[in-house]
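Let me give you the structure first, and then I'll get to my questions.
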Amino acid sequence: MEYIWQSEDFPKFLFNKREIIPLIQQFAHDLGEISGIVMGFSEENKQDLFAEIMLSEALKTSEIEGEYFSREDVMSSLKANLGIKDYHQNNRNKKANAIAHLMIEVQNSYHKAISEKILLDWHHILMESEKGINAGQFRTGIEPMQVVSGKFGDFVIHYQAPPSEDLPLMIPQFLKWYNDFEMNDIGKIGEGVVLSALAHLYFETLHPFEDGNGRIGRALAEKALSEKLETPVFVSISKSIEKDKNRYYEELKLAQRNLEVNSWMLYFCSILQDALLDSKNQALFTLKKTLFFDQFKNQLNERELKAIQKMTEMGENSFVGGMNAKKYMSINKISKATATRDLQHLSEIGVFLKSGGGRSISYQLNL
């Protein structure tokens with residue numbers, strides 16, 4: 001046997017529960033903390049937070065596959081699809097629209113039993129604008145489905161999926177396994193964590209589509225977690241994976257060759273934990289931002305408000321180099337004199353912290 005799908009015991013995954021219990025307990029603790037923070041948010045702040053986390057997932061799940069989208073394009077699509085006020089669909093990037101649409105569809109279907117139709121609908125959303133791809137269809141070709149690297153004529157085969165002709169039997173088996181999955185002895189959160197890890201591994205092992213398996217598989221992992229917890233869990237698994245893609249591929253490769261998947265479970269639990277920590281930090285930043293605007297909103301003119309919103313829209317400490325007169329002029333399309341006056345005012349009332357001198361003066365938000 002070279003791959004686990006060739007084993008008569010597949011998909012009887014084996015792992016040591018005792019080793020992942022501490023990770024599940026930490027995950028449950030942090031999830032409770034985030035829930036406590038978000039509970040005090042207004043509906044508008046909740047929407048902003050969820051949009052930011054979905055944005056991270058949309059961007060990073062695409063970057064893992066070598067596709068890079070404008071943050072503004074994807075956020076525009078997300079907010080338009082979420083129905084957030086003052087946003088309308090004006091993004092013409094079909095691929096960016098597709099990944100944004102998929103993120104929202106995954107969250108909207110968290111409570112539904114997984115089905116062939118859901119998987120095909122997700123694939124159709126993702127691949128509708130891709131030329132040469134049968135969107136919304138499982139693969140049917142006779143050529144082997146292989147994961148390879150290297151140059152033409154010198155490929156290294158990392159993995160070979162089941163033949164297309166086996167999928168009509170294997171996909172229903174996967175769906176039954178998923179929908180029947182139970183592990184009551186580790187609690188609801190533990191069950192969600194384990195299903196998320198194993199469902200992703202199982203799906204990537206089948207590799208049922210011509211393209212898009214990674215993005216669909218990561219979406220499935222997030223759905224599995226939310227489905228078992230019976231509430232949307234907003235985490236960006238892809239953002240955590242993308243921090244060390246090589247390790248992800250190595251762990252996946254090892255797990256696809258041995259039904260003893262202890263290493264995979266420990267790895268994936270760490271990914272979920274890291275993703276949850278990112279979400280917690282984003283929630284705390286949203287809280288900081290809300291308190292900040294509540295404190296200063298009545299002292300800001302439209303230009304100042306626009307510049308500050310621009311600085312905060314990408315997260316804390318993400319406005320590289322801080323604000324300066326040149327950037328402020330560009331954002332507001334104004335003269336240097338007006339920019340200098342506004343920046344001085346923002347510094348005086350405590351919105352900005354000033355650093356440097358002369359032409360090197362820059363300002364950071366005093367959050």
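The values are calculated or read from the model by the stated rules, or taken from the named source; none is laboratory data. Remember, it's a predicted structure, so these values are computed and weren't measured experimentally. All Cβ positions, even for glycine, are placed from backbone atoms using ideal geometry, and neighbour counts span all protein chains on display.
Working only within region 322-353, note down all residues that are closer than 19 Å to Lys289 by Cα and not in a helix (DSSP H, G or I).
Listed by number, the residues that qualify are Gly322, Met323, Ile349, Gly350, Val351, Phe352, Leu353.
Can you tell me which residue within region 336-365, out of those that are closer than 20 Å to Glu302 by Cβ and touching a strand residue (DSSP E or B) at 6+ places or on another chain (Cβ under 8 Å), is surrounded by the fewest Cβ atoms within 10 Å (Cβ to Cβ)?
It comes out as Ser347.
Can you find, within region 19-54, the residue that is modelled with the lowest pLDDT among those that are of a type in the set (Phe, Trp, Tyr) and not in a loop (DSSP other than H, G, I, E, B)?
This residue is Phe50.
Could you check region 241-260 and list, in sequence order, the residues that are surrounded by fewer than 16 Cβ atoms within 10 Å (Cβ to Cβ), in contact with a strand residue (DSSP E or B) (Cβ under 9 Å, 6 or more places away or on another chain) and in a helix (DSSP H, G or I)?
Selection gives Lys253 alone.
Okay, residues lined up against (1) of a type in the set (Gly, Ala, Ser); (2) closer than 28 Å to Phe41 by Cα:
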| site | (1), (2) |
| --- | --- |
| Gln256 | no, no |
| Gln273 | no, yes |
| Lys297 | no, yes |
| Ala325 | yes, no |
| Asn332 | no, no |
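In this structure, does Leu305 turn out to be modelled with pLDDT of 90 or more and crowded, with 17+ Cβ neighbours inside 10 Å?
Judged against the criteria, Leu305 is not a match.
Looking at region 132-145, is at least one residue at pLDDT below 90, closer than 27 Å to Tyr248 by Cβ and either within 20 Å of the chain's Cα centre (by Cα) or among the hydroxyl-bearing types (Ser, Thr, Tyr) (or both)?
The answer is no; no qualifying residue exists.
I would also like to ask the following. Restricting attention to region 226-240, does a residue exist that is within 14 Å of the chain's Cα centre (by Cα), in a helix (DSSP H, G or I), of a type outside the set (Val, Ile, Thr) and within 30 Å of Pro144 (Cβ to Cβ)?
Among the residues of region 226-240, at least one is within 14 Å of the chain's Cα centre (by Cα), in a helix (DSSP H, G or I), of a type outside the set (Val, Ile, Thr) and within 30 Å of Pro144 (Cβ to Cβ), which makes the answer yes.
Of the residues that sit in region 106-119 and are assigned to a helix (DSSP H, G or I) and either touching a His at 6+ places or on another chain (Cβ under 7 Å) or buried (at least 17 other Cβ atoms within 10 Å of the Cβ) (or both), which one is modelled with the lowest pLDDT?
Among residues in region 106-119 that are assigned to a helix (DSSP H, G or I) and either touching a His at 6+ places or on another chain (Cβ under 7 Å) or buried (at least 17 other Cβ atoms within 10 Å of the Cβ) (or both), the one modelled with the lowest pLDDT is Gln107.
Moving on. Condition (residue is loosely packed, with under 15 Cβ neighbours inside 10 Å, over 17 Å from Ala221 (Cβ atoms) and of a type in the set (Ser, Thr, Tyr)) applied to region 154-161: is it met by at least one residue?
no
Pick out the one residue from Gln273, Gln282 that is within 21 Å of Glu19 (Cβ to Cβ), in a helix (DSSP H, G or I), out of contact with any Lys or Arg (no Cβ under 6 Å at 6 or more places or on another chain) and among the polar types (S, T, N, Q).
Result of the check over Gln273, Gln282: Gln273.
If Asn97 satisfies every condition in (1) more than 22 Å from Thr231 (Cβ to Cβ); (2) surrounded by fewer than 17 Cβ atoms within 10 Å (Cβ to Cβ); (3) at pLDDT below 95 but one, which is the exception?
(2)
In the set Met75, Met103, which member is buried (at least 21 other Cβ atoms within 10 Å of the Cβ) and modelled with pLDDT under 90?
None of the others qualify; the one that does is Met75.
Let me ask something else. Sort out which residues of region 162-177 are in contact with an Asp or Glu (Cβ under 9 Å, 6 or more places away or on another chain) and either touching a residue at least 60 places away in the same chain (Cβ under 8 Å) or buried (at least 21 other Cβ atoms within 10 Å of the Cβ) (or both), and write them in order of number.
Within region 162-177, just Leu175 meets the criteria.
For the list (1) touching a residue at least 24 places away in the same chain (Cβ under 8 Å); (2) touching a helix residue (DSSP H, G or I) at 6+ places or on another chain (Cβ under 7 Å); (3) under 25 Å from Ile104 (Cα atoms), I need the number of the one condition that Trp264 fails.
So Trp264 meets the others, but not (3).
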